[in-house]
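Here is the structure we will look at.
The values are calculated or read from the model by the stated rules, or taken from the named source; none is laboratory data. What you see is a predicted model, and the numbers here were worked out from it, not measured in a lab. FYI the Cβ positions are ideal-geometry reconstructions off the backbone, even for glycines, and counts take in every protein chain you see.
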Amino acid sequence: MKISFLIHNAYGIGGTITTTFNLAGALAERHEVEIVSALRHRESPNLRPDPRIRLRPLVDLREEKEHPLHLRPATVYPESEYRYGQYSELTDQRIAEYLRTTDADVVVGTRPGLNVHLALQAPARTVRVAQEHLTLDNHHPRLRRVLRRVYPRLDALTTVTHADAAAYRRKMRLPGVRVEALPNSVPDPSLPPADGNAPVVVAAGRLVQVKRYDLLIEAFAAVAAERPDWQLRIYGKGEEHDRLRRLIDELGLYDNVFLMGAAIPMEAEWVKGSIAAATSNFEPFGMTIVEAMRLGLPVVSTDCPHGPAEIIADGEDGRLVPVGDRDALSAALLALVRDDDKRRRMGRTALENSRRYGPGPVVAQAEELFAGLVAARSAGRPASPPGGASRLLVSRGYAAKDAVHTALGTVMRSVRSGRKEER
């Protein structure tokens, strides 16, 4: 099966890029996979895709930033979408041409504006899958109206949480569109897990207001006061850096709290800690939560919409605290700092529970979804929810892979045979 991912800019840094590369790399073990980047701004991507994946850009900003068509506003890409200002009549044309000529069995869009192109312009022979990496409620009402109008043309829509999938089913009219939760996957770690002994709390992500690193620093002040040997290391870069630096100085935490800058990959930094922290007001999924757990760290997180509560089992592999509650955050951190046995036990549980986000279970679900959609398209049937098949795959994880692969082979042989007859 040939699978094509359409992404905003594969040459940058961000959660959507990471998760797309992760899923594409895992699928490349058995399928032909390409990543098509609407934009390109540098020679090489920050994250290196699997060498089996073909990466190709549509508009190279190094050479075409002043192209006459790139100076004209986009008319297909929705104006109410966050990235609209980076799109143009040139991107409209290049995306349309890519979709018109693709020979992929499945094209996967990775943000709403690109999903609009996919819904409107992909050929009838192609299975159209839209991914939602944010949430429905996070989008501007004008964008939601656009999506409500064009998304019925899709074959499937995937969200990263069950809560958001439920929101799409409840609030959008998408007859015949298969709506499923397909979580992000994290590759199997290449390093041994943390042992839970280091007096270090680790956080990672963009230094932006929604991540609430100010709250984390303030909460950590209580930890440093009681256990001055403990450190908080915050990895990432962003607009909040200077304000956070001033806060650290104002609280006298310059010997305990450190802004470490960006680290790619983060594996080697997670294992230097014993506890991970996530303090966002809003988190569509929580990629860093899974990354930390996959390396044996319990995670103290705010219970924000939507991801953390679907990842963390409160009291077993981490702690969930109310959004914005500094005192509750301090108490949760201190409980793990004070109790070595609990911290190590929860770390071992986090390692075990997070296996469900490994490539095996997630790719099995993706393959089941794609195979079912290709089969439905080949048979001329509309895509429709199969009543829990994906939930079965999630619960069985790796055990489901062989069954999926067998079914997938049968489907693809049938599709290829049909295409030969058409010729």
Inset, instruction - State yes or no: is PRO57 surrounded by 16 or more Cβ atoms within 10 Å (Cβ to Cβ) and touching a Phe, Trp or Tyr at 6+ places or on another chain (Cβ under 7 Å)? - result: no
Legend entry - Check on ARG243, basic (Lys, Arg) and either over 30 Å from HIS139 (Cβ atoms) or under 26 Å from the mean Cα position of the chain (by Cα) (or both): no
Inset, instruction - Mind telling me which of the residues LEU23, LEU6 ends up being in the same structural domain as TYR84 (by TED's automatic domain parsing) and in contact with a strand residue (DSSP E or B) (Cβ under 6 Å, 6 or more places away or on another chain)? - result: LEU6
Legend entry - helices (runs of 4 or more DSSP H) within segment 94-192 that include 3 or more residues surrounded by fewer than 20 Cβ atoms within 10 Å (Cβ to Cβ) and in the same structural domain as LEU61 (by TED's automatic domain parsing): 141-150, 162-171
Inset, instruction - Show the residue pairs that are 6+ apart or on different chains and have beta-carbon atoms under 8 Å apart, the first residue being within segment 1-29 and free of Cβ contacts under 8 Å to residues at least 40 places away in the same chain, the second being assigned to a loop (DSSP other than H, G, I, E, B) and buried (at least 23 other Cβ atoms within 10 Å of the Cβ). - result: ILE17/ALA10; PHE21/ALA10
Inset, instruction - Pull up segment 210-244, narrow it to residues that are basic (Lys, Arg) and in a helix (DSSP H, G or I), then point me to the one that is surrounded by the fewest Cβ atoms within 10 Å (Cβ to Cβ). - result: ARG243
